[in-house]
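Participant: Provided herewith is a single structure, encoded as structure tokens, for subsequent inquiry.
The values are calculated or read from the model by the stated rules, or taken from the named source; none is laboratory data. In this text the structure is predicted, and so the values were computed from the model without any measurement. We place every Cβ from the backbone using ideal geometry, glycine too, and count neighbours over all the protein chains shown. Only protein heavy atoms, including side chains, enter the accessible area calculation; ligands, DNA and RNA are left aside. Shrake-Rupley method; radii C 1.70, N 1.55, O 1.52, S 1.80 Å.
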Amino acid sequence: MVAMVTRIALTGLAAAASAVSLTLTGHGGPAAPLEWGGGPLTVDSLPRVTYVAHRGGAREVPENSMSGLTAAYRRGTAQVLDFDTRLLRDGTPVVLHDATLDRTTHRSGAVSALGPREWRGVRLRPRASLPGSWRPERPPTVAEVLDRLGGRIVLMLEAKDPRGLDRLAALIRARGLTRSVLVNTNDPEVARRVHRLGLLSQLWRSARQLRTDRPERWRPYVDVLDVDVKARDVDLLRAVRSGVPRVWAHTVVTPGQRDRALALGCNGIITDAPGRLARHPVRPIGTVSRALGR
């Protein structure tokens, strides 16, 4: 086991050291990630170790907001932007995590009870603990995020309501983004449906689910396996060995969590704090091994 973890870490940690050191260009836009080539922007062009700004980087910007996603893009500390999707009463996909408005907006009630005109009156309520100065703003629709950021950076959207999957697929296809937008779900059958629709599928699993999962079964139709960083070592290793090409750990908030996930062979980090992780180099392999009790 010691040799295996060390060998995996040797291939992953070296790449991570460069991937987290992204900086802004002199023009105010993000630098191209160091390992990206000059070809089209697709998931296949992502670096060997990928960083994902979860909900835009929810400990650094207002979650699931246009200003937060745009700020995360401009800062350049992640190669993928994540956001959540819900459906309005008429089926319009919008960007919000919860089924209700209560936690993150100035209103209350179910998102699904609102029509498009009512949605335009909703305002996000930025958390006071966020660094910087943020104003209330209207939460975007999925179409608006795709139009603003699609094709400029890889996007990862979670389909909280699978009933909207066909509508999401149509929005992604109409913009030519089928190879640069991941559709995330916790349900393997929904992931299979995403794949059949010709989209990139991502399947997230909790630490409890990973204890009994057999992730090799999902290899034919899952492009990214999204695993709970709190899972046991043995469960993370089973995911890494599954044959799914990308295994990304969620939701990482500390350098120590990141270093453990990389040492165990994960090749992606989904984080609420991409800026914080970018400031902390990956620890030497020996330190990680000692922390794991190897």
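Participant: Please give the charge dipole size of segment 84-143, origin at the Cα centre, charges +1 on K and R Cβ atoms and -1 on D and E Cβ atoms. Round to the nearest 20 debye.
Facilitator: 220 debye
Participant: Another question about this same structure. Taking a probe of 1.4 angstrom, what is the accessible area of residue 75 in Å², to the nearest 10?
Facilitator: Accessible area of residue 75: about 100 Å².
Participant: Can you work out the accessible area per residue across segment 81-121, with the rest of the protein chains kept in place, probe 1.4 Å, in square angstrom?
Facilitator: Averaged over the residues of segment 81-121, the accessible area is 43 Å².
Participant: Right, another one. Can you work out the base-10 log of I(q)/I(0) for segment 61-139 at q = 0.11, 0.19, 0.20, 0.27 1/Å, using the Debye formula on its C-alpha atoms alone?
Facilitator: Here log10 of I(q) over I(0) equals -0.29, -0.81, -0.88, -1.34.
Participant: Please compute P(r) over all alpha-carbon pairs of segment 239-286, binned at 5 Å starting from zero, and give each bin as a whole-number percent.
Facilitator: Result, from short to long distances: 4, 24, 30, 22, 13, 6, 1 percent.
Participant: Put +1 on the Cβ of every Lys and Arg and -1 on every Asp and Glu Cβ in segment 158-294; which of 265, 170, 159 then has its Cα farthest towards the positive end of the dipole?
Facilitator: Checking the options against the dipole of segment 158-294, the answer is 265.
Participant: Residue 97: accessible area at probe 1.4 Å, nearest 10 Å²?
Facilitator: 40 Å²
Participant: Follow-up question, since we're still on this one. Residue 153 accessible area, nearest 10 Å², 1.4 Å probe?
Facilitator: That residue has around 10 Å² of solvent-accessible surface.
Participant: Run the numbers on segment 107-248 and let me know its relative contact order in percent, using alpha-carbon pairs under 8 Å that are six or more apart.
Facilitator: 14 percent
Participant: Which value, in debye to the nearest 20, gives the size of the charge dipole of segment 148-294 about its Cα centre, when Lys and Arg are +1 and Asp and Glu are -1 at the Cβ?
Facilitator: 180 debye
Participant: Sticking with this structure for a sec: Could you put 87, 277 in order of accessible surface area, largest first, with the 1.4 Å probe and the full protein assembly present?
Facilitator: The ranking, largest first, comes out as 87, 277.
Participant: Follow-up. Find out how many positive minus negative residues lie around residue 207, taking Lys and Arg as positive, Asp and Glu as negative, among other residues whose Cβ is under 9 Å from that of residue 207.
Facilitator: +3
Participant: Keeping all protein chains in place, calculate the accessible area per residue for segment 235-283 (probe 1.4 angstrom), answer in Å². The partial results should precede the final answer.
Facilitator: On the way: 1400 Å² over 49 residues.
So segment 235-283 comes to 29 Å² accessible per residue, rounded to a whole number.
Participant: Hey, another quick one. Counting only protein heavy atoms, what percent of the accessible surface of segment 192-237 is carbon or sulfur at a 1.4 Å probe?
Facilitator: 44 percent
Participant: Which log10 I(q)/I(0) values, to two decimals, does segment 138-294 give at q = 0.10, 0.14 Å⁻¹ under the Debye formula with one point per Cα?
Facilitator: -0.39, -0.74
Participant: Follow-up question, since we're still on this one. At 1.4 Å probe size, put 201, 67 in order of accessible surface, largest to smallest.
Facilitator: Of 201, 67, the descending order of accessible area is 67, 201.
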